[in-house]
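Each remark here refers to the structure printed beneath this line.
The values are calculated or read from the model by the stated rules, or taken from the named source; none is laboratory data. What you see is a predicted model, and the numbers here were worked out from it, not measured in a lab. Positions of Cβ are backbone-derived with ideal geometry, glycine not excepted, and every protein chain shown enters the neighbour counts.
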Amino acid sequence: MSSTKGGLEVVFHEDLIRSGYQTLKINSHKGAVLISKDPFYNRHVPMRFVCGKAPHLSILSIVNGNRPASDTSEHHIPQITESSEQYNWHVVEVAVETTDPYMQGCGVTYASDELFKPETPQLYDGDGQPQFGCKIDLQAAKEAAFYCPAPYVLDPPKCFRQVSVDGITKKITAVSKSLVTSESNHFAILRFERWRVGSGETLRHTPPLQCRCVTTKGIVLSTIQIENYYAK
């Protein structure tokens with residue numbers, strides 16, 4: 001499971017009232033992005049914790065076997081045994097709800113966040129220099145996500161319902177019938193559905209469909225480009 005920095009915390013605290021006890025707290029912060037990388041648990045991720053009382057040495061039995069206590073000719077490790085009947089052990093399961101899907105994509109994130117699939121292709125400029133962003137082959141990935149957290153803004157404002165094509169903002173429905181848009185809690189999402197390909201639409205490698213995440217002053221922080229899509 002991955003999250004934005006500090007998004008999910010598991011913390012142990014010593015109980016100040018009951019000596020020897022600990023309190024387990026799981027904190028999910030408002031606005032955090034929570035991603036499951038497990039395909040079987042993509043909406044809720046089970047987390048299991050074993051709770052019980054740790055034994056003290058004073059109540060353990062130390063067994064030396066048949067070796068006399070005075071025999072020190074070689075190092076001997078005593079066996080320490082205990083009776084499990086003295087303790088109550090409990091397994092606590094917590095289902096952590098995810099906020100967004102795990103797919104290829106990019107956006108404004110910390111390098112350690114790992115919110116998107118690692119096979120997401122890097123974006124490069126015309127000189128072959130890496131840029132902040134990604135370039136998604138929609139035929140290979142089938143879907144893509146873009147993350148632009150506040151206070152930054154999307155350009156076009158309704159990415160992916162609107163995309164920039166050669167510098168011109170167009171509605172995605174005017175580009176292709178096979179491109180379906182949606183939003184999760186934090187991501188703008190674009191999916192390709194082959195059965196929706198319209199009459200006269202052909203596979204296009206260029207121009208890329210583009211969205212950007214920019215500051216209020218227009219500074220570009222991240223860019224996503226979509227290639228290999230169907231259009232007239």
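Miscellaneous remarks
- Residue tally, condition touching a residue at least 40 places away in the same chain (Cβ under 8 Å) and surrounded by 17 or more Cβ atoms within 10 Å (Cβ to Cβ), over the range 135-153: 10
- Residues of the range 157-170 satisfying the condition of being under 29 Å from the mean Cα position of the chain (by Cα) and of a type in the set (D, E, K, R): LYS158, ARG161
- Residue in the range 100-112 that is crowded, with 17+ Cβ neighbours inside 10 Å and closer than 20 Å to TYR230 by Cα present: yes
- Qualifying residue in the range 207-217 (condition: free of Cβ contacts under 8 Å to residues at least 24 places away in the same chain, β-branched (Val, Ile, Thr), within 23 Å of PHE116 (Cβ to Cβ) and not in a strand (DSSP E or B)): no
- Residues of the range 1-34 that are small (Gly, Ala, Ser) and within 26 Å of ASN185 (Cβ to Cβ): SER2, SER3, GLY6, GLY7, SER28, GLY31, ALA32.
- Subset of the range 123-155 [basic (Lys, Arg) and over 14 Å from ARG212 (Cα atoms)]: LYS142
- Matching residues in the range 119-131 - criterion: being part of a strand (DSSP E or B) and surrounded by 15 or more Cβ atoms within 10 Å (Cβ to Cβ): LEU123
For every residue, the table says whether it meets (1) under 11 Å from the mean Cα position of the chain (by Cα); (2) not in a loop (DSSP other than H, G, I, E, B).
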{"residue": "GLY6", "(1), (2)": "no, no"}
{"residue": "HIS13", "(1), (2)": "no, yes"}
{"residue": "ILE17", "(1), (2)": "no, no"}
{"residue": "THR23", "(1), (2)": "no, yes"}
{"residue": "ASP38", "(1), (2)": "yes, no"}
{"residue": "ASN42", "(1), (2)": "yes, no"}
{"residue": "PRO46", "(1), (2)": "no, yes"}
{"residue": "PHE49", "(1), (2)": "no, yes"}
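- Flag for THR109 being at pLDDT 85 or above and either among the β-branched types (Val, Ile, Thr) or not in a loop (DSSP other than H, G, I, E, B) (or both): yes
- Pairs with Cβ under 8 Å, 6+ apart, first in the range 119-134 and within 11 Å of THR223 (Cβ to Cβ), second assigned to a loop (DSSP other than H, G, I, E, B) and among the aromatic types (Phe, Trp, Tyr): CYS134/PHE116
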